[in-house]
Structures are given as structure tokens and as C-alpha cells.
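Asker: Could you have a look at this structure, given as C-alpha cells, before my questions?
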Amino acid sequence: MKPVITDFDSSSLKEALLRLGLKTYAFCQIIQWLYQKRVTSFDEMTNLSEKNRQLLKENFRFSSTKVADIKHSADGTCLFLFELSDGKKIEGVYIPAITGRITLCLSTQVGCAMGCHFCRTGEMGLLRNLTQGEILEQVLMIQRCFPAEQVTNIVFMGMGEPMANLKAVSGALKILEDKKAFGFAKRRITVSTAGLVPKMFEFIQDNKTKLAVSLHAPNDKLRNELMPINKRYPLAELMQFCRDYNRICKLPVIFEYILLKGVNDAPELLEELIRLLNGVSAKINLIPFNSFPESQYQPSSAETVEMWRDRLYEAGIQTNVRAERGRDILAACGQLAA
């Protein structure tokens, strides 16, 4: 079967095209057609010769990923259900803000193997990794649905653990940041991880993208209960990575902390968190828990969230309370499950 053209990174696609006899300028045109004009067939690449279009048809194909469903939230958020070539399904989210910022939340796997107890995706288990093209197609298809809107931010916070699909994620990042392709600035892209420490070190060798670490507990005992990955890579290893990340990438670590009523929101845990982050350049996103069917957890009260926010500010830690977006359509953080 012919390879999907969006599965190629820029350098490998250029090499493949040169081997077919196409010129460098044709490569630049093709990248533009794929990622800026977002065409869905080679026939639409009208500034290429008919011969070159035929060569492309004979050697490559477009992804067969399609939009299977779209759910619209009252707050403007849209939950996209994508059907992949093998019939498996993933979800991505379009999130507009009143400030004009438009964020796309992308998936990197079908399901997830991390098994975090508060996350609906983990109930699926891991079915398979996405290809680079399947990651990029989420951006392309959402953009085609909103052609007049300018996407400003990308977050890899959908289904799956990005570090467990590192090759495809790194390839997608290169295309997203390529000025000839999507042209997103590095500061506009954030990659989330549950804490696969060895893969995180591998990731920052080639990528200086912003990292968001799912923390959710300030000690190993509680984090082991909530996030099984902590048994393999405990907090001491994770925090050492965060200090190294500060030094190598010259960026603060973004810590995600979902507040679960009566589980991880006690005042003594807040003080423990402040001590844990001592010496680490950090930002914290406090996330009120987003319920889903059969979940055993409840969100912390608004008063508790405010208390955590104010105390973290007092401790000198930049803190943001994540806005609740798309909860009514199960599109919020931790609710994706295709």
C-alpha cells in the first residue's frame, strides 16, 4: 500500500520527492498545499505540472481519517470524533476563548496505558499508537471545519501518553513548527506527560517545547494510588528531571494538578506540594475535576480551589485555575474516551 504523505517529516518527504525527479521548489509547493491550503487531493495542487501530480498519485496517498461526529458545547467548545483507517476512533477538541485564542487539544494514541484512576481515557486501555499523519490530520480536519478561524495554540493533552509515542509526536512537532508548513511558534505548543522519565529526557534532546507534567499528588504514597506510573518513576526521579529541564530548556515546568474532593486537596498536602516544588521553576494549573459516568471522584469545592490558588500565589508559584470548558459534552480534561 502506498504511504500516507502526511506521515513524512519535511526532510524525508523532500528526499522522496527528489528521488522521483521533482525539484526543490515543488517540495515547497507541496508542503504549502498540504498544511497551509489544507487540500485533500493531489489534483487540487494546481501549480504543479500534470506529470508531477501523477507522480504523487502513484507514490503517495492521503489519509483516510474522517470526522465521524462533532458535539457542540454551550461554551463554544467542540468535541471531534475521528474515525481512523482501521475503524478505531479518537477524539480531539476545539477550544475557543473570549480573548481570541483558539486551542486545539490533540490525541496521540487510541486509548492509554497509564491507567490514571481519575481519567476516563485510561478505562479504554491502549489499543495502538497514532501515526504522525493521524496526529496532524486532527489539526487539518478541525481547521477545515473552521476555515475563517486562526488556531493559535496546540496542546498534546488528549487521549494517550505522548512520551509513549515519541517518534510520531516528535515528527508531528517538527511539521507543526515548520514555517513552510503550519508555522506554530514553540511557545504556542505544549506537550503533556504523566511522567515517563526516560522518554522525557529523550524528548528534550530534540524538542525544546513546553512540557506539562501531570502531578496530582505531592508524595509517592498518594501518587502511586492515583497514577500507577509513579511506581516505576517516583517523584524523586520526576523532580530531578524537572530541574534538568529548567536548566537545559530554560523553561518553567507546567504542573497539572486535578483537585479531587477529600483525596488530594487537604491543606497539609498543599504545604507538601509547596515544599516539593522548592528549587524548581514552575507554573501550576489547578484543574477542578471533571466528572464522567461511573467515576468514584468528586470535584473539590470552589472555596478549596480558591484556597489552593491563593496559598500557591503567596508561596511565589505562578498559578492558574483551568477554566471548565466542554464539560457538558464530555470534552473537558480527563473525559475523552471516543
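The values are calculated or read from the model by the stated rules, or taken from the named source; none is laboratory data. Values in this document were obtained by computation on a predicted structure and should not be read as measured data. Note: ideal-geometry Cβ built from the backbone for every residue, glycine included; neighbour counts use all protein chains shown. Only protein heavy atoms, including side chains, enter the accessible area calculation; ligands, DNA and RNA are left aside. Shrake-Rupley method; radii C 1.70, N 1.55, O 1.52, S 1.80 Å.
Asker: For the range 121-139, how many residues are assigned to a loop (DSSP other than H, G, I, E, B) and surrounded by 21 or more Cβ atoms within 10 Å (Cβ to Cβ)? Working first, answer last.
Answerer: As a first pass, look at the range 121-139 and keep what is assigned to a loop (DSSP other than H, G, I, E, B): 125, 130-131.
Narrowing the set further to residues that are surrounded by 21 or more Cβ atoms within 10 Å (Cβ to Cβ) leaves 130-131.
The number of residues fulfilling the criteria is 2.
Asker: Additional query: Just the residues that are more than 30 Å from K231 (Cβ to Cβ) and either in a loop (DSSP other than H, G, I, E, B) or open to solvent by 10 Å² or more (accessible area, probe 1.4 Å) (or both), please, taken from the range 103-120.
Answerer: T103, the sole residue that qualifies.
Asker: For the range 7-25, check the following and say yes or no: at least one residue is of a type in the set (S, T, Y) and over 27 Å from K167 (Cβ atoms).
Answerer: Let us first name the residues in the range 7-25 that are of a type in the set (S, T, Y), namely 10-12, 24-25.
Still in the list and also over 27 Å from K167 (Cβ atoms): 25.
Scanning the range 7-25 turns up at least one residue that is of a type in the set (S, T, Y) and over 27 Å from K167 (Cβ atoms).
Asker: Can you list residue pairs whose Cβ atoms sit under 8 Å apart, with the first residue in the range 129-154 being free of Cβ contacts under 8 Å to residues at least 12 places away in the same chain and within 18 Å of I5 (Cα to Cα) and the second being open to solvent by less than 10 Å² (accessible area, probe 1.4 Å) and of a type outside the set (A, V, I, L, M)? Count only pairs 6 or more apart in sequence or on different chains.
Answerer: none
Asker: If you take the residues in the range 9-39 that are closer than 18 Å to K57 by Cβ and in contact (Cβ under 8 Å) with a residue 24 or more places away in the chain, which one is surrounded by the most Cβ atoms within 10 Å (Cβ to Cβ)?
Answerer: Only one residue tops the list, namely I30.
Asker: OK, next. Name every residue in the range 196-209 that is out of contact with any Lys or Arg (no Cβ under 7 Å at 6 or more places or on another chain), within 17 Å of V155 (Cβ to Cβ) and either assigned to a loop (DSSP other than H, G, I, E, B) or without any contact (Cβ under 8 Å) to a residue 12 or more places away in the chain (or both), in order of residue number.
Answerer: To start, the set of residues in the range 196-209 that are out of contact with any Lys or Arg (no Cβ under 7 Å at 6 or more places or on another chain) comprises 196-207.
Imposing the further condition that a residue be within 17 Å of V155 (Cβ to Cβ) reduces the set to 200, 203, 207.
Hit for the range 196-209 is N207, nothing else.
Asker: Still on this model: Only one residue in R232, R247, R187, R243 is open to solvent by 30 Å² or more (accessible area, probe 1.4 Å) and closer than 28 Å to I102 by Cα. Which one? Give the steps one after another, and end with the answer.
Answerer: Numbers: R232 fails: closer than 28 Å to I102 by Cα; R247 fails: closer than 28 Å to I102 by Cα; R243 fails: closer than 28 Å to I102 by Cα.
Going through R232, R247, R187, R243 in turn, the sole match is R187.
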